[in-house]
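One structure, pasted below without further comment.
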Amino acid sequence: MATPEIAFLSATDLLALYRAGDVSPVEATRAALSQIEEHDPRVNAFCLVDAEGALSQARESEQRYGRGQPRGLLDGIPASIKDVFLTRGWPTLRGSRAIDADQKWEDDAPVVARMREHGAVLLGKTTTPEYAWKGVTDSPLTGVTGNPYDPSRTAGGSSGGSAAAVALGMGRLSVGTDGGGSIRIPAAFSGIFGLKPTFGRVPWWPASPFGLLAHAGPMTSTAADAALMMDVVSERDARDPAALPSERLNHLEAIEGGVEGLRVAFSVDFGYAEVDPEVEAATKAAARTFEGSGAVVEEVDPGFEDPIDAFRIHWYASAANALRAYGRDERELMDEGLVRISEEGAGYSALDYLEAEGQRADLGIHMSRFHEKYDLLLTPTVPIAAFEAGREVPEGWPNPSWMSWTPLTYPFNLTQQPAASVPCGFTSAGLPVGLQIVGAKYDDALVLRAAHTYQTASPLTDRRPL
């Protein structure tokens with residue numbers, strides 16, 4: 001099998017080929033490294049690549065398969081880690097020049113530890129904006145990350161490096177974070193699958209500075225691969241006191257069963273967002289596909305006002321907390337936008353925050369009641385397609401904040417519900433469009449099942465970037 005073809009095989013397909021002896025983990029790892037060598041100079045998805053270490057892991061995996069003793073659920077699968085997660089032996093710089101790389105790096109974050117235990121081959125670390133603060137990926141430390149379909153445009157953020165890596169076959173799996181859409185936005189812009197699980201489903205340590213908004217989750221080419229990853233990264237870790245109990249659920253098995261009879265709401269704009277006509281058309285077609293698969297789809301808005309004010313207070317106050325230990329000299333090294341919002345956030349009072357927290361709770365109650373009637377909510381992931389890289393907002397945009405063009409993602413960080421983005425089409429310029437699938441809190445498996453059903457009915461795997 002040719003190297004590029006191996007690089008684009010799904011993780012579930014690779015595992016079957018490993019077991020059959022038709023492809024080896026070394027071949028798959030070399031294929032991923034070849035894609036990195038060819039494409040990463042154009043998109044800047046990686047801030048660290050450890051080719052020698054990855055090949056060493058792959059050889060060990062190959063030997064285990066040779067003995068008929070593969071380790072865990074991901075043995076031999078090339079993967080990457082967003083550079084906000086501690087990774088033993090590699091610096092974790094979070095896109096910041098203010099963090100000293102020359103120190104001991106002895107710990108793995110829970111998601112990294114679980115992936116190692118299950119035999120994943122870790123290729124390197126992917127780019128992020130500084131402290132993962134915005135919906136595009138550029139930083140003073142690592143520069144701008146481009147879109148895999150057009151490197152002059154953004155890959156989205158803050159997990160843009162992970163999205164570009166998966167889209168270009170530079171590893172089949174990646175772990176991202178999502179505080180306001182940071183898995184789903186780049187998944188939509190880059191044409192891959194991304195899941196923001198229920199808050200606490202995937203343990204996180206050290207805790208994110210964005211607190212109750214921040215989720216960790218899988219970024220993959222398919223919902224099936226994300227389900228496989230969830231069986232790994234949702235395992236218990238005592239270092240996260242907010243983590244949910246480990247599920248006794250095989251996510252990969254749970255994706256089967258279809259959507260027939262499910263009650264599905266579809267809203268193109270929540271009643272307050274402006275949506276590009278091409279994005280609207282693609283997501284409406286996706287909703288019809290759900291109908292064709294047996295779901296009962298009703299076009300209806302979820303019935304809440306834009307919670308931007310509550311989200312902004314949470315986000316800016318969290319940014320202030322993230323930067324509280326840094327002095328003037330260190331802040332001069334940082335992204336000016338991050339410093340600006342942290343300074344604004346530092347001016348909020350405890351009463352401001354508590355009021356925003358009450359609004360967050362009210363929204364959560366509202367959506368819990370909404371899901372008593374509807375099993376799922378479908379929306380566009382992002383109301384626009386990818387725009388010029390290196391900008392926080394599109395040129396000529398009336399609002400300077402990234403939050404102004406992500407009104408359909410951040411509500412579900414406030415409510416802590418599971419939400420995924422699945423590719424559902426392309427614009428006339430050849431840029432990907434994402435469909436967001438939102439489930440009730442704790443219904444991660446249902447979101448994955450719906451996404452898998454949609455991808456089975458409407459696969460887009462024949463269209464590759466660059």
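The values are calculated or read from the model by the stated rules, or taken from the named source; none is laboratory data. Computed from a prediction, not measured in an experiment: that's the story for all the values here. When we count neighbours, we look across all protein chains shown, and the Cβ atoms used for this are built from the backbone with ideal geometry, even at glycine.
Would you please list the contacts, defined by Cβ atoms under 6 Å and residues six or more apart or on different chains, that run from a residue in segment 296-325 that is under 17 Å from residue 94 (Cα atoms) to a residue that is hydrophobic (A, V, I, L, M, F, W, C) and surrounded by fewer than 18 Cβ atoms within 10 Å (Cβ to Cβ)?
Within 6 Å, the pairs are 320/346.
Looking only at segment 394-406, which residues are surrounded by 20 or more Cβ atoms within 10 Å (Cβ to Cβ) and not in a helix (DSSP H, G or I)?
Hit for segment 394-406 is 406, nothing else.
Still on this structure: Can you list residue pairs whose Cβ atoms sit under 9 Å apart, with the first residue in segment 239-266 being more than 20 Å from residue 450 (Cα to Cα) and the second being not in a loop (DSSP other than H, G, I, E, B)? Count only pairs 6 or more apart in sequence or on different chains.
These pairs meet every condition: 239/110; 240/110; 242/212; 243/110.
Is it the case that some residue within segment 454-461 is in contact with a strand residue (DSSP E or B) (Cβ under 7 Å, 6 or more places away or on another chain), of a type outside the set (Phe, Trp, Tyr), at negative phi and part of a helix (DSSP H, G or I)?
yes
In segment 134-153, what residues are closer than 26 Å to residue 322 by Cα, touching an Asp or Glu at 6+ places or on another chain (Cβ under 7 Å) and not aliphatic (A, V, I, L, M)?
134, 139, 140, 145
Among the residues of segment 368-393, how many are free of Cβ contacts under 8 Å to residues at least 24 places away in the same chain and either under 18 Å from the mean Cα position of the chain (by Cα) or part of a helix (DSSP H, G or I) (or both)?
Of all residues in segment 368-393, those free of Cβ contacts under 8 Å to residues at least 24 places away in the same chain come to 369, 372, 393.
After this cut, where a residue has to be either under 18 Å from the mean Cα position of the chain (by Cα) or part of a helix (DSSP H, G or I) (or both) as well, the list is 369, 372.
Within segment 368-393, residues that are free of Cβ contacts under 8 Å to residues at least 24 places away in the same chain and either under 18 Å from the mean Cα position of the chain (by Cα) or part of a helix (DSSP H, G or I) (or both) number 2.
Return the residues of segment 162-208 that are of a type in the set (S, T, N, Q) and assigned to a helix (DSSP H, G or I); say none if nothing qualifies.
The first filter runs over segment 162-208 and keeps only residues of a type in the set (S, T, N, Q), leaving 162, 174, 177, 182, 190, 198, 208.
Residues satisfying the conditions are 162, 190.
Right, something else. So residue 84 ticks every box in (1) farther than 22 Å from residue 128 by Cα; (2) at pLDDT 95 or above; (3) of a type in the set (A, V, I, L, M) but one. Which box is left unticked?
Exception for residue 84: condition (1).
Let me ask another. Can you spot a residue in segment 68-76 that is in contact with a Ser or Thr (Cβ under 7 Å, 6 or more places away or on another chain) and over 26 Å from residue 190 (Cβ atoms)? Walk me through it before giving the result.
Our first condition is that a residue be in contact with a Ser or Thr (Cβ under 7 Å, 6 or more places away or on another chain); within segment 68-76, this holds for 75-76.
Checking which are over 26 Å from residue 190 (Cβ atoms) leaves us with 75.
Yes, because at least one residue in segment 68-76 is in contact with a Ser or Thr (Cβ under 7 Å, 6 or more places away or on another chain) and over 26 Å from residue 190 (Cβ atoms).
Return the residues of segment 247-283 that are surrounded by fewer than 18 Cβ atoms within 10 Å (Cβ to Cβ), outside any loop (DSSP other than H, G, I, E, B) and of a type outside the set (Asp, Glu); say none if nothing qualifies.
Correct list: 263, 277, 281.
Right, something else. Listed residues 71, 94, 30; which is basic (Lys, Arg), in contact with a helix residue (DSSP H, G or I) (Cβ under 8 Å, 6 or more places away or on another chain), closer than 29 Å to residue 147 by Cα and part of a loop (DSSP other than H, G, I, E, B)? Outline the logic, then answer.
Values: 71 fails: closer than 29 Å to residue 147 by Cα; 30 fails: part of a loop (DSSP other than H, G, I, E, B).
Residue meeting the stated conditions: 94.
Consider residue 42 carefully, then state whether it is in contact (Cβ under 8 Å) with a residue 24 or more places away in the chain, within 26 Å of the chain's Cα centre (by Cα) and surrounded by fewer than 17 Cβ atoms within 10 Å (Cβ to Cβ).
On the way: in contact (Cβ under 8 Å) with a residue 24 or more places away in the chain: yes; within 26 Å of the chain's Cα centre (by Cα): yes; surrounded by fewer than 17 Cβ atoms within 10 Å (Cβ to Cβ): yes.
Considered against the rule, which asks whether it is in contact (Cβ under 8 Å) with a residue 24 or more places away in the chain, within 26 Å of the chain's Cα centre (by Cα) and surrounded by fewer than 17 Cβ atoms within 10 Å (Cβ to Cβ), residue 42 comes out as yes.
Mind telling me which of the residues 211, 191, 217 ends up being of a type in the set (Gly, Ala, Ser), in contact (Cβ under 8 Å) with a residue 60 or more places away in the chain and buried (at least 24 other Cβ atoms within 10 Å of the Cβ)? Step through it out loud before you land on a result.
On the way: 211 fails: buried (at least 24 other Cβ atoms within 10 Å of the Cβ); 217 fails: in contact (Cβ under 8 Å) with a residue 60 or more places away in the chain.
Exactly one of 211, 191, 217 is of a type in the set (Gly, Ala, Ser), in contact (Cβ under 8 Å) with a residue 60 or more places away in the chain and buried (at least 24 other Cβ atoms within 10 Å of the Cβ), namely 191.
Do you know which residues across segment 408-426 are more than 16 Å from residue 192 (Cβ to Cβ) and in contact (Cβ under 8 Å) with a residue 60 or more places away in the chain?
Narrowing segment 408-426 to residues more than 16 Å from residue 192 (Cβ to Cβ): 408, 410-418.
If the condition is that a residue be more than 16 Å from residue 192 (Cβ to Cβ) and in contact (Cβ under 8 Å) with a residue 60 or more places away in the chain, then 408, 410, 411, 412, 413, 414, 416, 417, 418 are the ones that fit.
If you check residue 16 against the conditions, is it outside any loop (DSSP other than H, G, I, E, B), crowded, with 18+ Cβ neighbours inside 10 Å and either in contact (Cβ under 8 Å) with a residue 40 or more places away in the chain or at negative phi (or both)?
Working: outside any loop (DSSP other than H, G, I, E, B): yes; crowded, with 18+ Cβ neighbours inside 10 Å: no; either in contact (Cβ under 8 Å) with a residue 40 or more places away in the chain or at negative phi (or both): yes.
Judged against the criteria, residue 16 is not a match.
Just give me the residues in segment 37-65 being assigned to a loop (DSSP other than H, G, I, E, B) and of a type outside the set (S, T, N, Q), in sequence order.
45, 50
I would also like to ask the following. Just checking, how many residues over segment 101-142 are in a helix (DSSP H, G or I), in contact (Cβ under 8 Å) with a residue 40 or more places away in the chain and farther than 23 Å from residue 187 by Cα? Walk me through it before giving the result.
The initial filter retains those residues of segment 101-142 that are in a helix (DSSP H, G or I), namely 110-117, 130-132.
Among the residues that remain, those that are also in contact (Cβ under 8 Å) with a residue 40 or more places away in the chain are: 110-115, 117, 130-132.
Of the ones still in play, those that are also farther than 23 Å from residue 187 by Cα are 113, 117.
Qualifying residue count, segment 101-142: 2.
Checking the condition modelled with pLDDT under 95 and either closer than 21 Å to residue 417 by Cβ or of a type outside the set (D, E, K, R) (or both), which residue from 228, 262, 195, 212 passes?
Details: 228 fails: modelled with pLDDT under 95; 262 fails: modelled with pLDDT under 95; 195 fails: modelled with pLDDT under 95.
When all the criteria are applied, what remains is 212.
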